[in-house]
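Note sheet for the following structure.
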Amino acid sequence: MRLAARDVRRSNRLRDVSAGRGALHLRGGRAGGLALPAGGPRAAPRGRLGARGGEDTRIVYRFPIFQTLVQSGVAVFTYDKRGVNQIGLIGASQAGWIAPKAAVESHAAFLGLASAGILSYGEVKAYAQLTGGSESDKPFPSKGEIAKRLQDAGPSGFDPKPVLEQLSVPALWLFGTADREVPVDQTVALLNTLKGEGKDFTIQVFPGAGHGLLDTPPTDPKAPTALVDWVLEHVHVTST
């Protein structure tokens with residue numbers, strides 16, 4: 001279910017938040033914005049489910065994922081790039097290189113990522129050059145062509161694998177088979193290897209979907225719902 005921004009504004013509340021050392025104080029400060037479901041949250045945040053830059057206090061209304069979470073009873077806190085405790089991290093694409101490290105260092109409760117680049121920078125770059133990227137209309141390369149290009153390129157630059165090996169929290173990974181930015185087969189293979197080593201990973205692949213699984217509109221309409229449902233499981237939302 002997609003919610004219009006005006007519907008969320010009407011049925012829920014957004015408050016500015018000022019961060020103190022021992023707590024988050026609801027007063028007109030600029031440390032962040034707290035979106036509260038109508039009637040109060042059924043799952044209150046102990047931190048953030050998203051980041052915002054500058055003084056954009058309405059980021060919740062620009063992302064359907066956050067709108068749906070608020071409508072489902074989850075309070076969503078967006079912060080002005082300041083450090084706070086966190087209950088979970090959500091992201092997409094290059095967040096695959098950043099969010100796992102943030103999850104490890106902040107002791108986040110869960111991690112939900114879509115179309116995440118988790119191979120080395122050099123391999124992901126080589127793949128995008130082969131496919132032409134998301135805006136390309138080139139014929140999609142074969143599995144053999146992809147495998148050869150990645151083998152020829154080899155790992156180089158930043159590699160998040162050591163950080164992924166440190167993850168100790170549940171993580172959801174969403175991918176589309178027609179992604180031109182991230183080599184899905186090789187990425188899923190790495191995740192399955194880590195899952196076999198005991199990581200609490202949930203992997204879901206959407207046939208024919210492109211890179212923008214969380215875009216508006218998404219490349220597969222089932223992807224945002226899958227993410228929201230999984231998050232609601234892991235924040236233990238209870239009915240009022």
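The values are calculated or read from the model by the stated rules, or taken from the named source; none is laboratory data. Please read all numbers here as calculations on a predicted model, not as lab measurements. Ideal geometry is used to build each Cβ from the backbone, glycine not excepted, and the neighbour counts take in all protein chains shown.
Taking segment 64-158 as the region of interest, the helices (runs of 4 or more DSSP H) fully inside it that hold 2 or more residues being at pLDDT 90 or above and buried (at least 21 other Cβ atoms within 10 Å of the Cβ) are 95-106, 121-131. Here V163, V182 are screened, and the one residue that is β-branched (V, I, T), surrounded by 18 or more Cβ atoms within 10 Å (Cβ to Cβ) and more than 29 Å from P221 (Cβ to Cβ) is V163. The condition of being in contact with a His (Cβ under 8 Å, 6 or more places away or on another chain) and either under 27 Å from G208 (Cβ atoms) or of a type in the set (G, A, S) (or both) does not hold for D137. Taking segment 201-216 as the range and being more than 16 Å from the chain's Cα centre (by Cα) and surrounded by fewer than 16 Cβ atoms within 10 Å (Cβ to Cβ) as the test, the residues that pass are P207, G208. Is it true that P224 is assigned to a helix (DSSP H, G or I) and either buried (at least 17 other Cβ atoms within 10 Å of the Cβ) or among the aromatic types (F, W, Y) (or both)? Considered against the rule, which asks whether it is assigned to a helix (DSSP H, G or I) and either buried (at least 17 other Cβ atoms within 10 Å of the Cβ) or among the aromatic types (F, W, Y) (or both), P224 comes out as yes.
When each of G88, G117, G96 is tested for being under 13 Å from the mean Cα position of the chain (by Cα) and within 21 Å of E233 (Cβ to Cβ), the lone residue that passes is G88.
Here P162 meets the list (1) in contact with a strand residue (DSSP E or B) (Cβ under 9 Å, 6 or more places away or on another chain); (2) not in a loop (DSSP other than H, G, I, E, B) almost entirely, failing just condition (1). Of the numbered criteria (1) surrounded by 17 or more Cβ atoms within 10 Å (Cβ to Cβ); (2) outside any loop (DSSP other than H, G, I, E, B); (3) modelled with pLDDT of 95 or more; (4) not β-branched (V, I, T), the one L232 fails is (3).
What's the number of the condition V169 fails, among (1) farther than 23 Å from I98 by Cβ; (2) modelled with pLDDT under 95; (3) not hydroxyl-bearing (S, T, Y)? Only one criterion is unmet by V169, namely (1). Residue pairs whose Cβ atoms lie under 6 Å apart, separated by 6 or more positions or on different chains, with the first residue in segment 123-141 and more than 21 Å from D159 (Cα to Cα) and the second modelled with pLDDT under 95 and not hydroxyl-bearing (S, T, Y), are G132/K138.
Cβ-Cβ distances below 8 Å connect the following pairs, each with a first residue in segment 179-193 that is of a type in the set (V, I, T), a second residue that is in a helix (DSSP H, G or I), and a separation of six or more residues or different chains: V182/G96; V182/V124; V182/Y127.
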